[in-house]
Every structure is written in C-alpha cells, then in structure tokens.
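Enquirer: One structure, pasted below without further comment.
The values are calculated or read from the model by the stated rules, or taken from the named source; none is laboratory data. Model, not experiment: these values are computed from the prediction. Using ideal geometry, Cβ is built from the backbone for each residue, glycine included, and neighbour counts are taken over all protein chains shown. For the accessible areas, the whole protein counts, side chains as well, though only heavy atoms, and no ligand, DNA or RNA atoms are used. Shrake-Rupley method; radii C 1.70, N 1.55, O 1.52, S 1.80 Å.
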Amino acid sequence: MASLGAKLRFVVTTGVGFFADGYLNLTIGLVVPILGYLYFENGKVPTVDSDIIKGGLSLGMVVGQLLFGVLSDVWGRHPIYGKELLLTIFGTLMVVLLPWNRMSAQSVTAWVAIFRVVTGVGIGGDYPLSSSLSAEKSPFGSRAIQVLTVFSNIGLGNIAASIVFLILLKAFERLIVSNLSHLEWVWRLLLGIGIVPAVFTLYARLTITETLPYKQYVCDGTAGQKRTFKKQWDEFREYFGHWKHVKVLFATAASWFLFDIAYYGINLSQSIILARIGYASGSTPWMTLYNTAVGNIIIQAAGYLPGFYIGIFLPDRIGRVRQQFWTCIMVCILYAIWAGISTQSAHTPTAGLMIIFALSQFLLTVGPNCTTFLIPAEVFPTRVRGTAHGISAAAGKCGAIITAFAFGTVEDAIGLEGVLGLFSGIMLLTALVTLRIPETKNRTLESIETDELYEARETVAELAHSDYVTYVKDDTGNKGMYAIKTSFGDDSQVERLSI
C-alpha cells in the first residue's frame, strides 16, 4: 500500500498535465484579442483567423488522445508517460518564440496555429494516460476522488492564467498605455509561465512505475512479456465485438462530443460573451483587456472552480450517471432562460447576466465536465481502457473543434441568444445519451474487468418479466430491484440485483 506522501506526489505529477491544459487551452481566448491589437488591421483578429487559432489545439488533442490511448494499452502506461509532456512544452515554446518583426497577419495565424496543434498532441495524450493511471493506482480516497482530483487541475490552470494575465497587465500598464507594442511581453510571458510546472514535474513522469492492473490483466513487461499492436487490435476487436460494449463506447463518446460543443462554445469565447453582457468593454485597449481578465476571474471563482471541487465528491454519493444526467437537464433549462433574457428587448442588467453565466459554468463543471472524463476511465477494462478513453475524449474534442471553427460565424448569423438556444437543445441530447451508460458506483476494477457490470443488468432484464421480482427499499432508503427466491414452506430469500 502506497504511503500518503506517495499518493500526494502521484496526484501532483499526474495533475500538472491538466493544469497545463486549463492554462494553455482556455487561455487562448485571452491571447487572441492581444494578437489583434498587435498584428491585425483595425485591432481585431478576423473571425476565420480567430477560429483557426482557437481550433488548432483541439485538432492536435484529437491526434494525441487517439495515438497515446492506443500506445498506453500496447506498451503500458510507464514507457510512454512523460513523452506527451515533452510535446506540450515544445509546442508552447515555439508559439512563444513567434518572430517579433516582419510577420504578416496570415503568417502569425499560421505559426501560432501549427504549434498549437503540436501542443495539443501533447495535452491530448495526457487524457488517456493520466485517467488510466489515476484509475489503476492505489487511490487517494476513492477511485473517483483520485481521478477527479487529478482532472480538477484544469480549473486551477484556468484561473491561474487569468490571475497571471491580470498581474502582467498591471505590471506593464504604463508601457502599454503609451505604446501597444508592449503587449508583446504580456502574451508571451502569459503562455511561457504556463509550462513552468510541467518542466519541474517532467522527470517524475518519465520515471513513474507501471500500474498493477496493467501487469495483472494485460502484460507484465518486467517479466519479459512483449505486447504487439496486432495483439491489442485483436483484444479490442474481441471486446467491442459485443453490441453491449459498443453501445457504451458510443454513449461515452457521444455525450462527451455533445457536451464539448456547448462547453467550449462558452469557454473559448469568454471575452466575446463578457463583452456582449457589458463586462469586458473599456475606453482603451488596456482597460478592455483588464476588464476581460477581471470578468474571467469572477466567473471562474464563482462557478467554474467550485464546480470542480464539489463535483469530486458527488459520484460516490449519487452515482456517475445521475450526476451527469441531472446537471445536463439543469443546464439545458438555464441556457433556455439565458437565451430569453439576452434579447435586446429584455434589457437585463449586467449583474443578472453575470449571475446566470456563473451558475451555468458551475453546473457544467460539477456535472458533465467531471463525469465525461471519469466514466470512460472506469467503465472499460484495463486492456482497452486507454484506447476507449482516448476515443471518447477525441470525440469530445471534435465537438470543441466544431465550436471553435463555427462559433464566431454562427453567432454573427443568429446572435448570442440563438447560440444559447442551440446549446440548450444540445445539453438535452447529452442527458438522453447519458442514460445508455451503466453505473460504476461501488464497482471495483476487478468486477469491471470480469464484465460484472453487464451480467447484473442482463440478469435483471431476464427476471423483470417473471413473477420473482419486486421493488423494495433497503435500509438506506434506496429503491432497488430484488429477486425473491422461494424455498421450503413460507421461507424466502431476498437477493439484491441492482440499484
């Protein structure tokens, strides 16, 4: 059994990749306006260029999630862990080292987008790797608590980026007011500081030990076993040759895809949304950027970050499926309300719009943002866990890509209220797809490995048509399905089948 100190070091080591994700991914919405002031006519990045820059990271993440997901199942978690962080560091450094002078606007777009793709490959690889490691290592608390504690570092990275942005703006205020070219230092330092924690934890990642479940159920490299891509493909095809398993993979992938359309539609364009609700405007470029930074911090502190930390403890209490389903329904309703009060005729005050923005962020984060990451790490067995999580995460990033490339254009066509109405319908679809996922609450990795998740559901389905099933409540008050086995005389035995 690992010591508490070892468990904490593991959480920090695995969490730093998600810190970089939150810092480098969602922060691009802050950097793009600065690039507009520095490199583009009229001080604004055109919609197409903005979409390309924002979508580059997600495009790379799709590649990284699929590639490293497969590699983690073929070669193991240990041999490739840390390699994805090297890509993240390299890609970000190359963005920061954008040539200072003699770069056309189109060249700036191309340079930033290309190396953001490289950064994305590294960040994307962290999803299947860190999720599998977190699920399979000795847990800090429960399995769900450890997986989501690691994942919650995205929230820390996001708010850290906004705070660093604010500090840099204040530090360079006088220089920026006199000459906007000094914004060069702000955006370059902003991105560069984000990879410092990654550099310090790189060695720990490269030297992390293999997980016991991988050695036990897949392949023990220390015993001289070798695993090939063909072997992995055969096992993947055998497992997903069953329709019951395919349905679950479709549900985890589809729910993440739909959720990310709405989630990144809001988060990648916070500066636009804050400007529309009246909080990101200013009399000067510096004041506009400063207000945007303050508005982001308010939203993150009020809804985004608390949602992560509350969401950590809910799966073990109410279950993963319920957590995802009901929060999606609530966000669906909230977006519909937000769309209604965003019309010009509504004259809703800025404070009211900020409250509903923060509340929607909280519900998105406490629910599907946590569970879409957690469920694929638990519901699939070790031999396909990395690949299946990578497929699910890649589907999510496809949703993010659609949003990144289409949000500005769609928002120009139907307005913010129209986009919010569209997101409302998408969140309803996310809730419905969630119902196809089996519950992993109180399930061990061993039971998941042996397909007990599905055996229990199939047993209940068979008995549900007989006279030997009844619904009763246990001592905790939870309603469940029970099979009544009648033996001699009036004696009977009650066996619980599902909750």
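Enquirer: 7 Å from Cα along Cα→Cβ at both Ser138 and Leu432: what's the point-to-point distance in nm?
Expert: About 4.7 nm separates the two model spin labels.
Enquirer: Could you tell me how many degrees, from 0 to 90 and to the nearest 10, lie between the Cα long axis of helix 47-74 and the main elongation axis, the longest principal axis, of the Cα atoms of the chain?
Expert: Approximately 30 degrees, to the nearest 10.
Enquirer: Treating only the Cβ of Lys, Arg, Asp and Glu as charged (+1, +1, -1, -1), what charge dipole size does the chain show about its Cα centre? Round to the nearest 20 debye.
Expert: I would put it at about 980 debye.
Enquirer: For Ser178, project a label point 7 Å along Cα to C-beta. Then give me every residue of the stretch 89-119 with its amide nitrogen under 17 Å of that point.
Expert: none
Enquirer: Which chymotrypsin sites (Phe, Trp or Tyr not before Pro) from the stretch 99-181 combine a DSSP loop assignment with at most 15 other Cβ atoms within 10 Å?
Expert: Trp100
Enquirer: Could you compute Rg(Cα) / (2.2 N^0.38 Å) for the chain, with N its residue count?
Expert: 1.03
Enquirer: Using the charge dipole of the chain (Lys, Arg: +1 at Cβ; Asp, Glu: -1 at Cβ; taken about the Cα centre), state which of Ile312, Asn296, Thr434 has its Cα farthest towards the positive end.
Expert: It is Asn296.
Enquirer: Would you mind working out the magnitude of the charge dipole of the stretch 163-259 relative to its Cα centre, with +1 at each Lys and Arg C-beta and -1 at each Asp and Glu C-beta, to the nearest 20 Debye?
Expert: Magnitude of the dipole: close to 180 debye.
Enquirer: A further question on this structure: For the chain, what does -39500 (n - 2.57) per DSSP helix run (n ≥ 4), summed and divided by total residues, give at 222 nm, in deg cm²/dmol to the nearest 500?
Expert: Dividing the helical sum by the residues of the chain leaves -23500 deg cm²/dmol.
Enquirer: Please state the Cα pair-distance histogram of the stretch 11-99 with 5 angstrom bins from zero: what percent is in each bin?
Expert: Result returned by the calculation: 3, 11, 18, 23, 17, 11, 8, 5, 3, 1, 0.
Enquirer: Of all accessible surface on the chain at a 1.4 Å probe, what whole percent is carbon and sulfur?
Expert: On the way: 13470 of 20750 Å².
For the chain, the apolar C and S fraction of the accessible surface comes to 65 percent.
Enquirer: Heavy-atom accessible area per residue, the chain, 1.4 Å probe: how many Å²?
Expert: 42 Å²
Enquirer: Past 23 Å, Cα to Cα: identify those pairs from Lys7/Lys244; Lys83/Lys137; Lys7/Lys226; Lys226/Lys441; Lys215/Lys247, in the order given.
Expert: Numbers: Lys7/Lys244 35 Å; Lys83/Lys137 20 Å; Lys7/Lys226 29 Å; Lys226/Lys441 34 Å; Lys215/Lys247 28 Å.
Long pairs (Cα-Cα over 23 Å): Lys7/Lys244; Lys7/Lys226; Lys226/Lys441; Lys215/Lys247.
Enquirer: Given the stretch 114-158 reduced to its alpha-carbon atoms as identical point scatterers, what log10 I(q)/I(0) does the Debye formula return at q = 0.27 Å⁻¹?
Expert: -0.95
Enquirer: Which residues in the stretch 5-43 have a backbone N closer than 18 Å to a point placed 7 Å from the Cα of Trp185 along the Cα-to-Cβ line?
Expert: Counting backbone N atoms under 18 Å from the label point, the list is 34-35, 38.
Enquirer: Starting from 0.36 nm per residue, how many nanometres of slack lie between Met287 and Ile114 once their C-alpha separation is accounted for?
Expert: Here the segment from Met287 to Ile114 would lengthen by 59.2 nm.
Enquirer: Shifting gears a bit: Mind giving me the FRET efficiency for Thr343 and Phe250? R0 is 56 Å, r the Cβ-Cβ distance, nearest 0.05 is fine.
Expert: Using R0 = 56 Å, I get an efficiency of 0.95.
Enquirer: Additional query: Could you give the length gained on full extension between Tyr203 and Glu238, defined as 0.36 nm per residue of separation minus the Cα-Cα distance, in nm? Show your work: numbers first, answer last.
Expert: Details: separation 35, 0.36 × 35 = 12.60 nm, distance 3.65 nm.
The Tyr203-Glu238 span can extend by a further 8.9 nm.
Enquirer: To continue, here is another question. Among Thr207, Ile341, Leu249, whose Cα projects farthest towards the positive end of the dipole of the chain, with charges put on the beta-carbon of Lys, Arg (+1) and Asp, Glu (-1)?
Expert: It is Thr207.
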